[in-house]
Amino acid sequence: MKRLLSSLIAILTISGLNAQQQQAEIPKLVVSIVVDQLRGDYLHYFSSTFGEKGFKRLMNEGLVYHQVDCDFQSVNETSAIASLYAGTYPYYHGIVDNTKYDPISKKVISIFADNDYLGNYTSDQFSPKILQSSTFSDELKVATNGACDVYAIASNAEAAIAAGGRYANSVFWLDNHNGKWATSTYYPDVPWFIDRFNSSEAFGASSNDRTWIQSLSHFNGFPYSGTRNYFKYTFSKTDLDNYRKIKQTALVNEQITNLALRFLEYGGFANRTNPDVLSLIYYAGNYKYASYTDAYNYEIQDTYYQLDKQLEKLFDAIEKRVGLKNTLIVLTSTGYYDSWAETASDFGPMGEFYPGRCTALLNMYLMATYGNGNWVEAYHNNQIYLNKKLVEEKEINWANFQADAAGFVSQFSGVQDVTTLREWLVDDAGRSSSFRKGMNKKVSGHLFIELQPGWISVNEDKTQIDSFQRNTAILHPAFFWGGNVKKEHVYRPIKATEIAPTLSFIMRIRPPNGTKELPLREFQP
């Protein structure tokens, strides 16, 4: 009997120890980093300028997935971030773009615009209520009954809100007008150090101009850059676009890191029973106002060089304040790249498509076919919004009307394909599933235009920027590092939507309610 009792005690003791060890494996802090337009090939090209404690540390010590696929068309910053955190596509979560066409005001507005809430340090009014599915951090909030802290920091409001989800304590973005870190009254928590940061360290805290100066005398990432002078850009406080321009430079990444360091210092991370989440959105795209408007400029190389330094600073602070064993760090990209520089090339685009002219001629055609009326309401993001109310009032067959409009637009030079709302929502007509995944019936248009590669969409009224059509996929990496993650290099493609359920599996919570993916196999038992 004594032996039996001793054996039972030993088994229970071992089981208790195993349970404690398993519990200890759950990170106390998740630091989720998304770098807008980060390219895996550029990490390779520019690696000679990196130190040993930024990107190289992730590469050498972490679990590296070399190719992540967003798997839907028309990827942009906000739709990609929402998909990463929700583990599903715009078709389900509803965030198709940074902006949307509002049929009531007949204007293009932020995808998160919400007049029910006021801004804090901003006049903009936003909320995440349009999100139609939960995010990883939302599910962590539910699992902990709200006891965990969730914060997100990004230069743009849309990116910050998409990363924070519906239940974040708060999210912060850099206001375009005053250069301070702003949020919405939708969120319940503004830590005391935000006010201090805005009054002393934010761009808007100083009356002095800001300057972005080339860090190294020469960059060798591209063999086609040639010989050129140092770049130097001064951002004057008298320029109304001052802060919008800064958001496209290496300067904004330093601001994001500095604010993140305040959260690590004063946020109480790792001191609570429940884990916390800090989401950071950095920038690694081109500077659209560069003096040398080519695709192989020094500006993008300097952005990567300085971003590497910011990651080193961030990782050092995490190691000091929280400890890498207590932290799970995930870094990935938005999976697209803005190739705007090609529009300024001496070689020029293949052709120019003018949406304003297209919609005007389309309306004339529809009037000739169906009678007088304002049949075309708007054009936004390669989509045409038709006047469905007028169609219904005149008792016109809606499917036939869309088909007629699409047939007319398809004849324009530079138009590769035109898809109607009915085709992807109802008929599906053999269309690519990646096309369907990138749309949402609540906010998408009625006609979707795909231009031929090499063509440029020129917006005459300048309310929208010109866009260059390039279908080339980019290398899009993902890194998992810290905690008990074993280092490994994985070369098989993975889906961006697999990251959120993987984080959920690691944290032992339910995956987001819209995801259909399993955790990545490297984390499965």
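Quick look at the numbers
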quantity: Using θ = phi - 60° and Karplus 6.51 cos²θ - 1.76 cosθ + 1.60, couplings along region 192-209 (whole Hz; Gly, Pro as x); calculated: 4, 6, 5, 4, 5, 5, 5, 8, 10, 10, 5, 3, x, 6, 10, 8, 7, 6
quantity: Dimensions in Å of region 137-190 - Rg and Dmax from alpha carbons; calculated: 11.4, 38
quantity: Degrees between helix 2-24 axis and first principal axis of the chain (Cα, 0 to 90, nearest 10); calculated: 40 degrees
quantity: Amide proton proximity set for Ala182, modelled H, under 5 Å, gap of 5+; calculated: Trp173, Leu174, Asp175
quantity: Accessible surface of the chain, 1.4 Å probe, proportion on carbon and sulfur as whole %; calculated: 49 percent
quantity: Computed label-point distance, nm, for sites Lys442 and Ser217 using a 7 Å Cα→Cβ extension; calculated: 5.7 nm
quantity: Rg [Å, one decimal], Dmax [Å, integer] - region 249-314, C-alpha atoms; calculated: 15.5, 52
quantity: FRET efficiency for Glu522 and Glu393, using Cβ-Cβ distance with R0 set to 51 Å, rounded to 0.05; calculated: 0.35
quantity: Rounded to whole Hz, the Karplus (6.51, -1.76, 1.60) HN-Hα couplings of region 506-520, x for glycine and proline; calculated: 4, 8, 6, 10, 5, x, x, 6, x, 7, 10, 9, 8, x, 4
quantity: Backbone HN-Hα couplings from phi across region 93-100 [Karplus 6.51/-1.76/1.60, Hz, Gly and Pro as x]; calculated: 7, x, 9, 8, 6, 5, 10, 8
quantity: Virtual paramagnetic centre 7 Å along Cα→Cβ of Arg262, amide N under 15 Å, in region 179-193; calculated: 179-184, 189-193
quantity: Accessible area per residue, Å², the chain with all protein chains present, probe 1.4 Å; calculated: 44 Å²
quantity: Under-5 Å amide H pairs with Val150, H placed in peptide plane, nonlocal only; calculated: Asn169, Ser170, Val277
quantity: Degrees separating the helix 77-86 axis from the principal Cα axis of the chain, which is the longest one; calculated: 40 degrees
quantity: Separation of the Ser47 and Asp417 label points, Cα + 7 Å toward Cβ, nm; calculated: 3.6 nm
quantity: Shape of region 51-137, Cα gyration tensor, a/c cut at 1.5; calculated: prolate
quantity: Nearest-ten-degree value, helix 298-321 long axis tilted from longest Cα axis of the chain; calculated: 30 degrees
quantity: Förster-model FRET efficiency, 35 Å R0, Asn208 and Ile104, C-beta, rounded to 0.05; calculated: 0.25
quantity: Amide H partners (placed H, <5 Å) of Asp69, local residues excluded; calculated: Ile494, Lys495, Ala496
quantity: Calculated [θ] (222 nm, deg cm²/dmol) that DSSP helices of n ≥ 4 give over the chain, each run adding -39,500 (n - 2.57); calculated: -9500 deg cm²/dmol
quantity: Gained length - Ser433 relative to Ser291, 0.36 nm times residue gap less alpha-carbon distance; calculated: 47.1 nm
quantity: Whole-number D in µm²/s for region 388-449 (Stokes-Einstein; Kirkwood sum over Cα pairs; 10 °C, 1.306 mPa s); calculated: 128 µm²/s
quantity: Extension reserve of the Leu324-Gln452 stretch, reckoned as 0.36 nm per residue once the Cα distance is removed; calculated: 41.3 nm
quantity: Estimated distance in nm for a label pair at Lys495 and Gln67, the labels positioned 7 Å out from Cα along Cα-to-Cβ; calculated: 1.7 nm
quantity: Sequence of His44, His66, His476 when ordered by accessible area, the most exposed leading, probe 1.4 angstrom; calculated: His44, His66, His476
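The values are calculated or read from the model by the stated rules, or taken from the named source; none is laboratory data. Computed from a prediction, not measured in an experiment: that's the story for all the values here. Every residue, glycine among them, receives a Cβ derived from its backbone with ideal geometry; neighbour counts consider all protein chains shown. In case anyone asks, the SASA skips ligands and DNA or RNA and just uses the protein heavy atoms, side chains included. Shrake-Rupley method; radii C 1.70, N 1.55, O 1.52, S 1.80 Å.
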